[in-house]
Amino acid sequence: MPTLTKLYPMQEVSLHNSQDDCWVTIDGKVYDVSSYMDEHPGGDDVLLAATGKDATDEFEDAGHSKSARELMESFCIGELEVPTPLIPELEIVSKKQQNDIVEKIRDISKQYWTLPVAVVGITVVASFLYSRRN
């Protein structure tokens, strides 16, 4: 059965960015590493630099051992809240607006009919000349 964890928005996580109160996010999980700052082999500045953003790449690039990953789990306090994407509002078009749009498309297609005809004509002439050459 899945364990329920507290969800934290990145905005809240980024507020915890000091020596006495330091949170980092790695792989979508939030870790309170405040008590580990002095013991961290890379120094506290590495942890402070990882606050307020997703530090997964930095964590993976450092090549942490299996024991370091297991120790990290003891500092987990929750998960990063994934913001829901905004759904654009649909525009309701009236029948008159729809007819206006269709009319504009018809006008444009009437205006530019010569271009595809010219391309086809040039292609036919070029293929005719090419076939007569052989």
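Summing Lys, Arg as +1 and Asp, Glu as -1, what charge do residues with Cβ under 14 Å from the Cβ of K6 carry, K6 excluded?
-3
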From the phi angles alone, apply the Karplus equation (6.51, -1.76, 1.60; θ = phi - 60°) to segment 54-67 and give each ³J(HN,Hα) in whole Hz, x where the residue is Gly or Pro. 7, 9, 4, 4, 4, 5, 5, 5, 6, x, 5, 6, 5, 5
Computed [θ] at 222 nm, deg cm²/dmol, the chain (DSSP H ≥ 4; -39,500 (n - 2.57); rounded to nearest 500): -13500 deg cm²/dmol
Dividing the alpha-carbon Rg of the chain by 2.2 N^0.38 Å yields what? 2.19
How long is the gain from V119 to L7 if the chain were fully straight, where each residue apart is worth 0.36 nm and the alpha carbon distance is subtracted? 34.4 nm
Calculated from backbone phi, Karplus (6.51, -1.76, 1.60) coupling profile of segment 71-83 in Hz, x at Gly/Pro: 4, 4, 4, 6, 9, 5, 10, x, 10, 6, 6, 8, x
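Where a number appears in this text, it was derived from the coordinates with a stated rule and is not lab data. This one's a predicted model, so the numbers in the text were calculated from it and none came from an experiment. Note that each Cβ is placed from the backbone with ideal geometry, even for glycine, and that neighbours are counted across all protein chains shown.
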